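Engineer: Handing you a structure now.
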Amino acid sequence: MPQQHRLPDPAPASADERLPTSWTSAMPPATERMQRTAADRIAWLVALAVLVFMAVFGFQAMRWSLAGGWQWLWMLVGLPFFGVFSVLSVLAVVMRLRERRRVRVALENISLERGEGFRVGEPLELRLRATVPAAQEDERTVAPERISVHLMRHRTADAAGECCCEAIASREETRDGRLLYACELRAEAGLDASRWSVELREASDDGGAPILTAQLRLLPAR
């Protein structure tokens, strides 16, 4: 039988490179008042009016029972009506005032464009494209307004990165509905390093874990 030749496994990605396709901010999520439509507000007002009417009716029935005689039977109706519906009315108002939703900062379908490569002393344009994930129940999902981009210099292959340039990329919306974060980085001429990389972080949480880390292909000087 002919011997089958196994293709070599692809080279593993560097431990310093991390290119996730989705990301969620690690910062505590903010909350906001839930926005309701006019129909929702009308329906809530109608329900509240019914609860208040029943509570008022129960109170009036208890007043009728004070007349004595057979009218004390109104107490059997008025007491539970007033007790139950007055509590429900208060709860409806309190829950409405406290009704809030979480604002989650997240991205998905992330892709990073690094160009053909990086030359020391020349500008490097980076573009991050992504979309906003669908919101879950009782939340609103938004993309970060700004992303902090760091150009990292590694003196040796396994050395920790040293930031040589930092830029802020603001959020833009493209024609196809995707989000775009674009910026330009440049390392000063004369800097040498065996490896270069970029780190993208949420601008409001610059000290947290990076959104992604990507290596740069070093091109020879012109």
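Engineer: When the accessible area of the chain is split by element with a 1.4 Å probe, what percent falls to carbon and sulfur?
Structural biologist: Its accessible area is 57 percent carbon and sulfur atoms.
Engineer: Could you give the length gained on full extension between Thr31 and Val77, defined as 0.36 nm per residue of separation minus the Cα-Cα distance, in nm?
Structural biologist: 12.3 nm
Engineer: Please check: in the Gaussian network model of the chain (C-alpha springs, under 10 Å), which one of Arg104, Arg41, Arg171 has the largest mean-square fluctuation.
Structural biologist: Among Arg104, Arg41, Arg171, the largest GNM mean-square fluctuation belongs to Arg41.
Engineer: Still on this structure: Give or take rounding to whole Å, what are the principal axis extents of the alpha carbon atoms in the stretch 93-222, in descending order?
Structural biologist: So the three principal-axis extents are 69, 32, 19 Å.
Engineer: Related question: Per residue, how much space in cubic angstrom lies within the convex hull of the C-alpha atoms of the stretch 69-142?
Structural biologist: Convex hull of Cα atoms, per residue: 91 Å³.
Engineer: Can you work out the accessible area per residue across the stretch 162-212, with the rest of the protein chains kept in place, probe 1.4 Å, in square angstrom?
Structural biologist: Heavy-atom SASA per residue in the stretch 162-212 reads 53 Å².
Engineer: Separate question: What does the convex hull of the Cα atoms come to per residue for the stretch 156-222, in Å³?
Structural biologist: Expressed per residue, the convex hull around the Cα atoms of the stretch 156-222 is 131 Å³.
Engineer: Return the single residue from Ile168, Ile211, Ile42 with maximal mean-square fluctuation; model: Gaussian network over the chain, springs between Cα atoms under 10 Å.
Structural biologist: Highest fluctuation among the options: Ile42.
Engineer: About its Cα centre, what dipole magnitude does the chain give when the only charges are +1 on Lys and Arg Cβ and -1 on Asp and Glu Cβ, stated in debye to the nearest 20?
Structural biologist: About 840 debye.
Engineer: Calculate, in whole percent, how much of the Cα-Cα pair population of the chain lies beyond 24 Å.
Structural biologist: 64 percent
Engineer: Run the numbers for Ala47 and Thr156: contour at 0.36 nm per residue of separation, minus the present Cα-Cα distance, in nm.
Structural biologist: Answer, rounded to one decimal: 32.3 nm.
Engineer: Turning to a different aspect of this structure: Helix 74-98: angle to the longest alpha-carbon principal axis of the chain, degrees 0 to 90, nearest 10?
Structural biologist: That helix lies at roughly 20 degrees to the long axis.
Engineer: Another one. Among Ala39, Gly117, Leu151, pick out the residue whose Cα is farthest towards the positive end of the charge dipole of the chain, where Lys and Arg carry +1 and Asp and Glu carry -1 on C-beta, about the Cα centre.
Structural biologist: Ranked along the dipole, the leading option is Ala39.
The values are calculated or read from the model by the stated rules, or taken from the named source; none is laboratory data. Since the structure is predicted, the reported quantities are computational estimates derived from the model, not experimental observations. Methodologically, a virtual Cβ is constructed for each residue, glycine included, from the backbone with ideal geometry; neighbour enumeration extends over all protein chains shown. Keep in mind that these areas ignore ligands, DNA and RNA; they rest on the heavy atoms of the full protein, side chains included. Shrake-Rupley method; radii C 1.70, N 1.55, O 1.52, S 1.80 Å.
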